[in-house]
Structures are given as structure tokens and as C-alpha cells.
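Peer 1: Have a look at this one before I ask anything.
The values are calculated or read from the model by the stated rules, or taken from the named source; none is laboratory data. Values in this document were obtained by computation on a predicted structure and should not be read as measured data. Neighbour counts are summed over all protein chains in view; Cβ atoms, including those assigned to glycine, are modelled from backbone coordinates with ideal geometry.
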Amino acid sequence: MMSRSCSRFQPCSQSESLPPSAAGSLLHSAEVTVCHFPPGTSKWNKIEHRLFSYISQSWRGRPLLSHEVIVNLIANTKTKQGLKVRAKLDTNQYPSGVKVTDEELSAVLLKPEKFHGEWNYNILPNNAL
């Protein structure tokens with residue numbers, strides 16, 4: 001079992017727009033693979049850098065007055081090479097400050113991957129025992 005600080009686990013019902021009953025069913029029936037970038041590596045993500053340079057060009061000189069304006073400017077990003085960006089504003093409300101107790105975390109079946117298991121692991125269904 002991994003420590004809480006390594007896994008950064010959040011129940012599916014908190015991190016996605018699934019109702020708690022559906023999220024609970026998912027955790028009981030499906031294996032979920034989780035892969036995190038190691039700390040500080042986002043700056044080396046080439047896809048992210050290629051995308052954001054064009055987004056920055058799309059909104060250059062325009063006031064970013066609201067989330068809708070920002071999402072629309074991102075969604076209108078295109079390149080001569082054929083890149084078309086899709087963007088959608090997520091208006092769902094998510095609770096903040098949700099705490100996972102040690103008891104809840106110990107009930108999660110984590111199987112680390114061979115390569116950097118602290119960043120890459122599978123969450124096994126609760127019925128996998």
C-alpha cells in the first residue's frame with residue numbers, strides 16, 4: 001500500500017462528474033490506471049508547450065474578462081498545419097477540502113507499476129481479492 005502523499009488519491013466521485021453511487025460502482029468493478037508526471041516535469045511536456053504557444057497567440061492583446069471568453073479563445077485556436085483545439089467550460093461544482101481518512105485510504109487496493117510505482121499505479125476493484 002502506498003502512502004497518501006505518494007498516491008494523491010481522490011475518490012472518483014470527487015474528481016469527476018459521476019454521481020457517488022456510479023463512482024462507487026466503478027470502483028467496485030473496474031481497474032483504473034493512474035499515471036502522474038513526476039514533480040516539476042510539466043515544463044518538459046512537449047505537447048503542452050506546442051499547444052500553449054498557439055493558444056497564447058490566439059488571445060494576444062485580448063482582455064481575459066471571464067471564463068467563457070478564455071474558453072472561447074482557446075477553442076478558436078487553429079494552425080496552418082491543421083491543429084484544431086476543442087475546449088469546454090466545466091461548470092460543475094466540486095467540493096473543496098474533502099479529506100480522505102486513513103481508514104478509507106487503506107481500503108483502496110493500489111498496485112504499483114514496475115516503473116516508478118509512486119507515480120504510476122493501478123487502483124484495483126474492491127472485489128479483486
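Peer 1: Name the residues in the stretch 59-89 that are in a loop (DSSP other than H, G, I, E, B), without any contact (Cβ under 8 Å) to a residue 12 or more places away in the chain and surrounded by 10 or more Cβ atoms within 10 Å (Cβ to Cβ), would you?
Peer 2: ARG62, SER66
Peer 1: Continuing with this model, one more query. Is one or more of the residues making up the stretch 31-51 modelled with pLDDT of 80 or more, more than 20 Å from GLU118 (Cβ to Cβ) and surrounded by 13 or more Cβ atoms within 10 Å (Cβ to Cβ)?
Peer 2: Checking the stretch 31-51: at least one residue is modelled with pLDDT of 80 or more, more than 20 Å from GLU118 (Cβ to Cβ) and surrounded by 13 or more Cβ atoms within 10 Å (Cβ to Cβ).
Peer 1: Do you know which residues across the stretch 90-119 are in a loop (DSSP other than H, G, I, E, B), surrounded by fewer than 12 Cβ atoms within 10 Å (Cβ to Cβ) and charged (D, E, K, R)?
Peer 2: ASP90, LYS99, LYS114
Peer 1: OK, next. Run SER56 past the list (1) closer than 30 Å to GLU118 by Cα; (2) modelled with pLDDT of 85 or more and report the number of the one that doesn't hold.
Peer 2: (1)
Peer 1: Still on this structure, please answer the following. Enumerate the pairs (first residue in the stretch 99-118 and within 16 Å of ALA30 (Cα to Cα); second residue anywhere and of a type in the set (Phe, Trp, Tyr) and part of a loop (DSSP other than H, G, I, E, B)) with beta-carbon separation below 8 Å, excluding pairs fewer than 6 apart on the same chain, so at least 6 apart or on different chains.
Peer 2: Hits for this filter: VAL108/PHE9; LEU110/PHE9.
Peer 1: Further, regarding this structure: Please work out which one of (1) surrounded by 10 or more Cβ atoms within 10 Å (Cβ to Cβ); (2) outside any loop (DSSP other than H, G, I, E, B); (3) at pLDDT below 90 is the condition ASN122 fails and give its number.
Peer 2: Result: ASN122 fails condition (3) only.
Peer 1: For the stretch 76-85, state whether one or more residues are within 21 Å of the chain's Cα centre (by Cα) and modelled with pLDDT of 90 or more.
Peer 2: no
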